[in-house]
Amino acid sequence: MHAQEPERDAFDESNFGIAEGLYRRLLESDPLPVPVAFLRLQLGRCLLAREAYAYARLEFERVMADPFSPAAGDYGAWEDYGDLKPAAQAGIARCFEAEGRWNEALDAYQLSRDKYPRIHWCGNCAHSLRQRTLDAIERCTARLQK
């Protein structure tokens with residue numbers, strides 16, 4: 001359990017509908033407890049988990065369009081804000097793949113690999129995230145060759 005983070009607890013417990021509502025409520029709060037881009041990323045993750053791909057993609061695209069600068073973030077908060085856009089780009093790719101939109105998924109994964117590689121403080125985790133992207137590129141390429 002995370003103290004004072006019921007939305008994160010709900011997400012971790014796979015209660016994605018509850019987490020979605022809590023993240024939406026946080027987006028309407030004033031002052032915002034964390035950057036809007038972070039809240040939109042988490043909302044997109046909830047929607048992705050609930051298989052609402054078009055809505056999830058919209059939230060991820062909003063993160064990509066947000067002028068947020070990770071240098072202004074509090075690195076002690078939930079996750080490294082430097083990974084917001086890379087995580088959102090990966091989310092866009094996952095949505096396209098889940099919808100069977102192989103060309104768009106491939107393009108999105110390649111953009112994830114080349115322009116928005118995932119960032120993680122742990123070398124093993126960073127390697128694992130990169131490998132997932134490479135595996136997804138291979139999956140999409142194989143689907144397009146069928």
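The values are calculated or read from the model by the stated rules, or taken from the named source; none is laboratory data. Quick caveat, the model's predicted, so the values are computed rather than measured. Quick reminder, even Gly has a Cβ in these numbers, built from the backbone with ideal geometry, and neighbours come from all protein chains shown.
Summary of computed values
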item	result
Filtered residues of region 24-54 (kept if over 18 Å from Ala90 (Cβ atoms), in a helix (DSSP H, G or I) and not β-branched (Val, Ile, Thr))	Arg24, Arg25, Leu26, Leu27
Any chance Ser14 is at pLDDT below 95 and on the phi > 0 side of the Ramachandran plot	yes
Filtered residues of region 6-59 (kept if over 18 Å from Ala87 (Cβ atoms), touching a residue at least 24 places away in the same chain (Cβ under 8 Å) and not aliphatic (A, V, I, L, M))	Ser14, Gly17, Glu51
Subset of region 1-23 that is part of a helix (DSSP H, G or I) and among the charged types (D, E, K, R) - its residue that is nearest to Asp66 (Cα to Cα)	Glu20
Those residues of region 24-43 which are over 18 Å from Phe68 (Cα atoms) and either buried (at least 20 other Cβ atoms within 10 Å of the Cβ) or within 18 Å of the chain's Cα centre (by Cα) (or both), in sequence order	Arg24
Count - residues of region 55-72 that are surrounded by fewer than 22 Cβ atoms within 10 Å (Cβ to Cβ), outside any loop (DSSP other than H, G, I, E, B) and either at pLDDT 85 or above or on the phi > 0 side of the Ramachandran plot (or both)	6
Cβ-Cβ under 7 Å pairs, at least 6 apart or on other chains, region 73-100 side under 14 Å from Glu61 (Cα atoms) and modelled with pLDDT under 95, far side among the aromatic types (Phe, Trp, Tyr) and not in a helix (DSSP H, G or I)	Leu84/Phe68; Lys85/Tyr116; Pro86/Tyr116
All positions within region 89-141 that are surrounded by fewer than 12 Cβ atoms within 10 Å (Cβ to Cβ), under 23 Å from Glu51 (Cα atoms) and among the small types (Gly, Ala, Ser)	Gly100
